[in-house]
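See below for the structure under consideration.
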Amino acid sequence: MERTLIVLKPDAVQRSLVGRIVARFEQKGLRIVAMKMMNISAELAREMYSAHEGKDFYEPLIEFVTDGAAVAMVVEGKSAIDVTRAMMGPTFGPDAPPGTIRGDFGISRRYNLLHGSDSLESAQREIGMFFRGEELIEYDVHNTRWIYAKSGDELI
């Protein structure tokens with residue numbers, strides 16, 4: 001199973017969308033293995049978005065994600081990175097189709113509700129920035145056999 005980091009940004013928290021967004025990931029069949037509410041420090045934000053340093057939106061992005069409470073979580077599932085990114089939709093709400101999180105809840109070209117890791121390498125790095133190993137909880141979900149079919153030992 002693949003893991004990815006999802007961060008519900010301050011606009012999602014302030015607009016009381018946390019429960020609705022988390023529910024969408026759960027309803028898709030993804031398992032939450034870690035979650036916490038936090039204030040993202042400037043240092044953490046700069047580390048998280050270091051690939052964008054020097055771009056015109058970098059400083060406004062840092063200011064935005066550090067401006068209020070956020071919810072960080074690790075979700076797990078088959079192809080979790082691709083699945084969560086498809087669920088989130090394109091970066092900005094006006095560009096995101098209905099049915100995606102940003103398409104259903106977003107309208108801004110600056111506030112985009114959530115962050116999701118874009119690759120396995122990013123996911124591993126970003127999960128480590130937000131969570132210690134012991135904060136990732138292993139547990140059985142009894143509905144897994146109704147979420148995935150099996151082909152031999154492989155979940156499909």
Item to check | Odd one out for Gln14 among (1) more than 30 Å from Glu134 (Cβ to Cβ); (2) surrounded by 16 or more Cβ atoms within 10 Å (Cβ to Cβ); (3) not β-branched (Val, Ile, Thr) | outcome: (2)
Checklist entry - Of all residues in the stretch 106-156 being in a strand (DSSP E or B) and charged (D, E, K, R), which is nearest to Ser50 (Cα to Cα)? => result Glu154
Checklist outcome for this item: Expected output for the stretch 136-151 (first residue loosely packed, with under 11 Cβ neighbours inside 10 Å, partner of a type in the set (A, V, I, L, M), Cβ below 9 Å, 6+ apart or cross-chain) is Glu138/Val33; Tyr139/Val33; Ala149/Leu155; Ala149/Ile156; Lys150/Ile156
Next on the checklist: Would you confirm whether or not the stretch 116-135 contains a residue that is at pLDDT below 95 and not charged (D, E, K, R)?
Outcome noted: no
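The values are calculated or read from the model by the stated rules, or taken from the named source; none is laboratory data. Not measured: the values here are computed from a predicted model. Ideal geometry is used to build each Cβ from the backbone, glycine not excepted, and the neighbour counts take in all protein chains shown.
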